[in-house]
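Please treat every number below as a calculation from the coordinates, not as lab data. Bear in mind that the values here come from a model prediction, so they are computed numbers and not experimental data. Positions of Cβ are generated from backbone atoms using ideal geometry, with glycine treated the same way; all protein chains shown enter the neighbour counts.
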Amino acid sequence: MSAPLILASASPRRLDLLAQIGIVPASVIPTDIDETPRKGELPAALALRLAREKALALAGHEESYVLAADTVVAVGRRILPKAETPTDAAHCLDLLSGRSHAVFGGIALRCPNGKLLSRLVTTKVKFKRLSAREKEAYIQSGEWNGKAGGYAIQGIAGAYVIAVQGSYSNIVGLSLYDIALMLEGAGFVHKTEAAAEAG
């Protein structure tokens, strides 16, 4: 059995995604960092930097694997906010309506040997043109609250998506393909694998 895994994220979606591939972290310890973009920082660079900073911010767990992630939604070079108010949500919907946008997923894994692994996953998403009624209904749903880019593809907004190019789970919060590769490459063995090997 390998060292334990700590998920440095408060996102229940990331916890659910890991469970989908049989990975249950030993603990969940969110890290609190300043997520403000730097001057001139591009969306992809922001997602990767924040994931790395979150993984490094967790002190006192050098014996464990620490997994952190960040999701940034962008239309061109414009970074969309994590919607906290109906005004934020309306702004995001206006920018997403009838356009393609990118979802950048930064993933960082701090290993027990101190090494920091990271990768960036990019998914392209195309939204239909939204009517005023659809926008209003989505804002009323409250589903946008706390979501990067003001929407959750696994919810009502799934009906607005014309096409997805790349990892679907990256849009939800974590690319399962990429995290499985990273964990395997880092020598992490989860319970399901350990049981299979023992059997």
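Comparing Ala180, Ala55, Ala132 in a Gaussian network model of the chain where C-alpha atoms under 10 Å apart are linked, the largest mean-square fluctuation is found at Ala132. The region of the chain that goes longest without hitting one of the GluC sites (Glu not before Pro) in a DSSP loop, each with at most 16 other Cβ atoms within 10 Å, is 85-199. Lysine pair count for the stretch 1-133 (Cα-Cα distance under 27 Å; residues 8 or more apart in sequence or on different chains): 9. In summary, the aspartates and glutamates within cross-link reach of Lys147, defined as a Cα separation below 13 angstrom excluding same-chain residues under 8 places away, comprise Asp70, Glu84, Asp88.
From least to most packed, judged by other beta carbons within 10 angstrom and beginning with the fewest, Leu50, Leu5, Leu67, Leu116 follow the order Leu116, Leu5, Leu50, Leu67.
Sorting Asp94, Asp70, Asp34 from the fewest to the most surrounding beta carbons within 10 angstrom yields Asp34, Asp94, Asp70. Taking Ala108, Ala59, Ala51 as the candidate residues, the one with maximal mean-square fluctuation in a Gaussian network model of the chain, Cα springs under 10 Å, is Ala59.
Remark: the stretch 1-133 carries a charge dipole of roughly 800 debye about the Cα centre, counting +1 on each Lys and Arg Cβ and -1 on each Asp and Glu Cβ.
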